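Everything on this sheet refers to the single structure shown next.
The values are calculated or read from the model by the stated rules, or taken from the named source; none is laboratory data. Quick caveat: nothing in here was measured; it's all calculated off a predicted structure. Because the Cβ atoms are built from the backbone with ideal geometry, glycine has one as well, and the counts that use them run over all protein chains shown.
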Amino acid sequence: MFRWMVRRDLILAWRRRADVLSTVFFFVIVVSLFPLSIGPETQLLRSIAPGVVWVAALLASMLSLGRLFANDYQDGTLEQMLLTPQPLYLIVLAKVLASWLVAGVPLALIAPVLGVQFGLSQDTLLILTVSLMLGTPVLSLIGSIGAALTLGLRGGGVLIAILVLPLYIPVLVFGAGAVDASIIGVSPQANLSLLGAVLAIALVFSPWATSAALRISLE
Amino acid sequence: MLQAENLECVRGDRRLFSNLNFVLRPGEFLQLTGPNGSGKTSLLRMICGLLAPSRGEIRWEGANIHSLREEYSTVISYLGHRTAIKDELSGLENLRVSSALDGTEIRDTAARDILRTMGLGGRELLPVRLLSEGQKRRVALARLAVCNTRLWLLDEVLSSLDLTAVALVLSLIEDHLGNGGMAVVSTHQEINLSAGSFQRLELAS
């Protein structure tokens, strides 16, 4: 069942590729605007790079949140998911996994290419990718709580941002911190470990919170 | 056996119905009728467990359905106004995904056979958005031929179906009742079943 859910969401994402591509393009464009507007000051660019890339990744992952449950809600699939004998926890986890594969992984993979514009070294680019690989699933997991809570509300998009952005702060701090550490030549391990810890916590608790929120939204 | 006792439904500040009682035994069919907005869908959603009754309780084999949780989900199939059909997926994919969600995975060939009996032969691989409204509903109804649940809850399933499709659905329901299943169906159409015993519940506005 888990496999079927992930597969279904991936097929759906493929048939609506424009949605997915817009997220990636948004990320690419926002990150590229900074070097263009600031000019070729290597030192300055290098010091703002971690923050810029991470904030852009945060905003890009917000873009895809509205779609996470909205389509399934409108056509009644979500009701059916609540009525299946399968635990809702697993269904939520499958949906979040699929949305991360579609919206999070491309960001992490394309980030090193964008990092070159900021004059980052090879090691730092690697750390950037690793930190995004650890951090973006947390963004998807926490975001799913917000998406479930704002389901079916008018102006839900803005409300998601207000609900979810404060919860993203730890991820932003540790993620950008890891890249920062690697730029100034300190070991990024502490920050990456903390990021991994946040991921572990989010993995356990957020599908549970999302399930509860979905039940309330569908009443 | 499904039992409803003293059910009351309040939506907003309107009381849709109160003091509603019925008992449904294996092989029995319950038709819900009543004007628009009389609470047919709300009642069906209550029987599913999606909506908590504001008073009273619903029992399955003597136990409150909210205490049964996932165990109760293995017993029911609900088909609502919103058919849970994905426009981007083909009929075949829709059927296989929805049966996988129900916990009964079926093979590609079995799914094709069922779609053919539902009158969708040759259109199994078309994205559902290219099908007509009635054909979409046939795709949704194909799920009933796969599931082996005992209680069917169908909300206005006969709307936008042609005569052959209505006959097809009724024969599915008759088979289901014949095997000791139960069905609660909300519809305005006259229903004549050759199997099972028939009850009608009229909700007043």
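Consider segment B:87-96. How many of its residues are buried (at least 23 other Cβ atoms within 10 Å of the Cβ) and either free of Cβ contacts under 8 Å to residues at least 12 places away in the same chain or facing chain A (nearest Cβ under 7 Å) (or both)?
Adding up the residues that qualify gives 0.
Residue by residue through segment A:35-94, note down the ones that are of a type outside the set (A, V, I, L, M, F, W, C) and under 18 Å from the mean Cα position of the chain (by Cα).
Listed by number, the residues that qualify are A:PRO50, A:GLY51, A:SER61, A:SER64, A:GLY66, A:ARG67.
Which of the residues that make up segment A:29-78 are within 14 Å of chain B (Cβ to nearest Cβ), part of a helix (DSSP H, G or I) and free of Cβ contacts under 8 Å to residues at least 60 places away in the same chain?
If the condition is that a residue be within 14 Å of chain B (Cβ to nearest Cβ), part of a helix (DSSP H, G or I) and free of Cβ contacts under 8 Å to residues at least 60 places away in the same chain, then A:ARG67, A:ASN71, A:ASP72, A:GLN74, A:THR77 are the ones that fit.
Checking B:ALA52 against (1) outside the structural domain of B:GLN135 (by TED's automatic domain parsing); (2) over 19 Å from the mean Cα position of the chain (by Cα), which single condition isn't satisfied?
Of the numbered conditions (1) outside the structural domain of B:GLN135 (by TED's automatic domain parsing); (2) over 19 Å from the mean Cα position of the chain (by Cα), the odd one out for B:ALA52 is (2).
Looking only at segment A:187-219, count how many residues are among the small types (Gly, Ala, Ser), farther than 30 Å from B:LEU51 by Cβ and without any contact (Cβ under 8 Å) to a residue 12 or more places away in the chain.
5
Being under 21 Å from B:LEU30 (Cβ atoms), within 18 Å of the chain's Cα centre (by Cα) and either not in a loop (DSSP other than H, G, I, E, B) or not assigned by TED's automatic domain parsing to the domain that holds B:THR187 (or both) narrows it down to one residue among B:LEU158, B:LEU101, B:LEU153; which is it?
B:LEU153
Counting only residues that are under 16 Å from A:ALA57 (Cβ atoms) and surrounded by fewer than 18 Cβ atoms within 10 Å (Cβ to Cβ), which one in segment A:113-125 is modelled with the lowest pLDDT?
A:GLN117
Of all residues being in contact with a helix residue (DSSP H, G or I) (Cβ under 6 Å, 6 or more places away or on another chain) and in contact (Cβ under 8 Å) with a residue 40 or more places away in the chain in segment A:9-28, which is farthest from the other protein chains (Cβ to nearest Cβ)? Just the residue, please.
A:PHE27
So which residues in segment B:97-108 are buried (at least 21 other Cβ atoms within 10 Å of the Cβ) and touching a residue at least 12 places away in the same chain (Cβ under 8 Å), if there are any at all?
B:SER98, B:SER99, B:ASP102
Could you say which residue among A:SER217, A:SER187 is more than 22 Å from A:LEU33 (Cα to Cα) and in a helix (DSSP H, G or I)?
Criteria check complete, one pass: A:SER217.
Condition (residue is under 18 Å from A:LEU203 (Cα atoms) and within 14 Å of another protein chain (Cβ to nearest Cβ)) applied to segment A:79-88: is it met by at least one residue?
So far as segment A:79-88 goes, yes, one or more of its residues are under 18 Å from A:LEU203 (Cα atoms) and within 14 Å of another protein chain (Cβ to nearest Cβ).
Looking only at residues in segment A:190-219 that are modelled with pLDDT under 90 and out of contact with any Gly (no Cβ under 9 Å at 6 or more places or on another chain), which one is nearest to the other protein chains (Cβ to nearest Cβ)?
Filtering segment A:190-219 for residues that are modelled with pLDDT under 90 and out of contact with any Gly (no Cβ under 9 Å at 6 or more places or on another chain), the one nearest to the other protein chains (Cβ to nearest Cβ) comes out as A:GLU219.
When only residues in segment A:32-69 that are surrounded by 19 or more Cβ atoms within 10 Å (Cβ to Cβ) and of a type in the set (S, T, N, Q) count, which is nearest to A:PRO166 (Cα to Cα)?
A:SER61
Just a yes or no: is a residue in segment B:134-145 in a loop (DSSP other than H, G, I, E, B) and without any contact (Cβ under 8 Å) to a residue 60 or more places away in the chain?
No: segment B:134-145 contains no residue that is in a loop (DSSP other than H, G, I, E, B) and without any contact (Cβ under 8 Å) to a residue 60 or more places away in the chain.
Among the residues that make up segment B:46-62, is at least one of them closer than 18 Å to B:VAL146 by Cα, in contact with a helix residue (DSSP H, G or I) (Cβ under 8 Å, 6 or more places away or on another chain) and away from every other protein chain (no Cβ under 12 Å)?
no
For segment B:109-118, does any single residue satisfy the condition of being more than 13 Å from chain A (Cβ to nearest Cβ), surrounded by fewer than 20 Cβ atoms within 10 Å (Cβ to Cβ), farther than 28 Å from B:SER73 by Cβ and free of Cβ contacts under 8 Å to residues at least 24 places away in the same chain?
Yes, that holds for at least one residue.
Can you give me the number of residues within segment A:89-104 that are within 13 Å of another protein chain (Cβ to nearest Cβ) and surrounded by fewer than 20 Cβ atoms within 10 Å (Cβ to Cβ)?
2
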